[in-house]
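The values are calculated or read from the model by the stated rules, or taken from the named source; none is laboratory data. Worth saying up front: this structure is predicted, and the values here are computed from it rather than measured. Note that each Cβ is placed from the backbone with ideal geometry, even for glycine, and that neighbours are counted across all protein chains shown. Areas reflect the complete protein model, heavy atoms only, side chains present, ligands, DNA and RNA absent. Shrake-Rupley method; radii C 1.70, N 1.55, O 1.52, S 1.80 Å.
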Amino acid sequence: MIEPETALPATAPVAEERWSWPPLFGLLEVQFGAAVGFLQTAVPYWLAKDGMPLAQIGVLSGTAFSPHAWKLLWVPLIDLGPWRRVWYGVSTLLTALLILACALLPDPAHQLGVFTLLLTALQAASTTAHAALNGLMATTSKLEDKGRTAGWQMAGNVGSTSLLGALAIFLASQFSRQVAGIVLATLVLASGAGIFWITERHDPSTVPTGPLLKVAWERVKGIVGDLAKTAFSREGIIMLVLCLAPVACGALTNLFSAMAHDYQVPEHTVELVNGLGMGILGALGSLVGGWLSDRMNRKLAYALMGGATGLCAFAMAAAPMTTTTYIWGTLAYSFANGAAFAAFAGMVLEMVSEGAAVTTKYSLFVAASNFAISYTTALDGHASAFRGIGTRASIAADGLITFGGISIVVLIFALFLRKKPAAPTATA
């Protein structure tokens, strides 16, 4: 007698894990570029046109940009639960509304307190969305795509900052500042809609399993522990040194517009080069840098891209001080700088992809890098006084400082990163 076959229990199909499409992060970074470009390019231009002294404009800009430095005070909140998409969405909506409020404020030069407050709130909202997006990049992109993801994000960052800042000035000159604000706010909202195509990965540690206060406290302890573990680990210390070293700061991008007079560059050419030109070339460089960093050691890619910016600086310093030199020097440097920024982001994404404090860790390393950019910009500026050489000395100093930073990376790579730990031998 043949026994009937016993049916095997059905197994539930395993859901395929969904990873984010890298170009999406370029689109989602537009909100950050719009906010930064608005304050970095359009606002100073408009206030100077209204007759405000440069010193006063500098104080306003420094105050309004400050949230990018002290965002570490609230960024850990983003890591408390699986709500990075919500943080991004709400912060992007606030970014659009605050751009609109800044543009609609009548006579901002005579309402400086209110204008400064609105601009500061704008930067706080945009940098919060930026931090949430960084966390999503780290957790929803494949390991082998970290460089490409970083390249697209930096393309959106560098490209939109330059292009949208210049677009605001153009629209204001053709129509009004109010129209410029409406267009920028619309672009922010339209690009931010891409967040609905990001699937946030499920993290069991963020699911409440008890009293809310107890869960929150356990989550805070997890974030602090993960942050400390990473920051004080061998790899974390090496990464902090790499971020603090002046490897690929791109500091000259903060000074190129001030150098235009020494190169006899017409005003319209300055606008095209520092707006459209730097935006497009910086974005293309970011895509190239991201592609390369997926095909080699990402720390080595970071050093190589930094070396490219240093070589561009040396070539520009050695060339005649003409309009032609200014154009090719600025654009070549911007291309190399975009590639270096993408390599940096890919390197950091690889480091912080796991753990309870993904967003906080990314922000920590970016803050260290921003500090390097700040002190390198100051050193480049002070170098202009060296023996009365002026602009040429600043450009050459940037190259020297960059290669000094690269020498630190080469030393670290030779001492610590060249040999990978051997894989454990399998035992029977």
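Heavy-atom accessible surface of His68, to the nearest 10 Å², is about 40 Å², with a 1.4 Å probe and all protein chains retained. Using only alpha carbons, region 90-169 has a radius of gyration to Kirkwood radius ratio (Rg to Rh) of 1.09. Relative to the longest principal axis of the Cα atoms of the chain, helix 278-293 runs at roughly 30 degrees. Here's the picture: a label point sits 7 Å out from the Cα of Ala48 along the beta-carbon direction, and within region 377-418 nothing has its amide nitrogen under 17 Å of it.
Rounded to whole Å and ordered largest first, report the semi-axes of the equivalent ellipsoid of the chain derived from its Cα gyration tensor (root of 5λ). Each step should come with its number before you reach the end.
Values: eigenvalues 318, 159, 77 Å².
Output for the chain: semi-axes of 40, 28, 20 Å.
Quick one: of Lys71/Lys229; Lys49/Lys71; Lys142/Lys299, which pairs are farther than 24 Å apart, Cα to Cα? Exceeds cut-off: Lys49/Lys71. Round to the nearest 10 and give me the degree value, 0 to 90, for the angle of helix 146-174's Cα axis relative to the longest principal axis of the chain. Tilt relative to the chain: about 40 degrees.
Quick check on packing: order 151-160, 182-191 by the mean number of other C-beta atoms within 10 Å, highest mean leading. Walk me through the numbers before you get to the answer.
Details: 151-160: 28.4, 182-191: 20.0.
The most tightly packed comes first, giving 151-160, 182-191.
Between Leu276 and Ala318, what is 0.36 nm times their sequence separation minus the Cα-Cα distance? Round to one decimal in nm.
Details: separation 42, 0.36 × 42 = 15.12 nm, distance 2.55 nm.
So the extension gain works out to 12.6 nm.
Highest first, please rank the peptides 130-142, 398-410 by the mean number of other Cβ atoms sitting within 10 Å of their residues. Kindly include the intermediate steps, with their values, before the conclusion.
Numbers: 130-142: 25.5, 398-410: 20.0.
Per-residue mean Cβ counts within 10 Å order the peptides as 130-142, 398-410.
What do you get for the angle between helix 298-318 and the principal long axis of the chain? Use alpha-carbon atoms, 0 to 90 degrees, nearest ten. So the helix axis and the longest Cα principal axis differ by about 10 degrees.
Around the Cα centre of the chain, unit charges on the Cβ atoms of Lys, Arg, Asp and Glu (plus for the first two, minus for the last two) sum to a dipole of about 720 debye.
How about region 278-387: which trypsin sites (Lys or Arg not before Pro) there lie in a loop by DSSP and see at most 16 other Cβ atoms within 10 Å? Walk me through the numbers before you get to the answer.
Working: sites: Arg295, Arg298, Lys299, Lys361, Arg387; in loops: Arg295.
Those satisfying the criteria are Arg295.
Who wins for biggest fluctuation among Gly306, Gly338, Gly62 in a Gaussian network model of the chain, springs between alpha carbons below 10 Å? Checking each option, the largest mean-square fluctuation is seen for Gly62. Annotation: extensible slack from Phe371 through Ile389 equals 3.8 nm (criterion: 0.36 nm per residue apart, minus Cα-Cα distance).
Between Trp291 and Leu415, residue separation times 0.36 nm minus the direct Cα-Cα distance comes to 42.0 nm. By accessible area, using a 1.4 Å probe on protein heavy atoms only, the chain has 70% of its surface on carbon and sulfur. Sorting the segments 367-374, 46-53, 29-36 by their residues' average number of neighbouring beta-carbon atoms within 10 angstrom, most packed first, yields 29-36, 367-374, 46-53. Springs join every pair of Cα atoms under 10 Å in this Gaussian network model of the chain, and among Ser334, Ser293, Ser61 the largest mean-square fluctuation is at Ser61.
Once you list every other residue whose beta carbon is under 12 Å from the beta carbon of Asn254, what net charge do they have if Lys and Arg are +1 and Asp and Glu are -1?
Numbers: positive: none; negative: Asp380, Asp398.
Local charge sum for Asn254: -2.
Per-residue ellipticity at 222 nm from helix content only, as computed over the chain with -39500 (n - 2.57) for each DSSP H run of at least four residues, stands at -22500 deg cm²/dmol.
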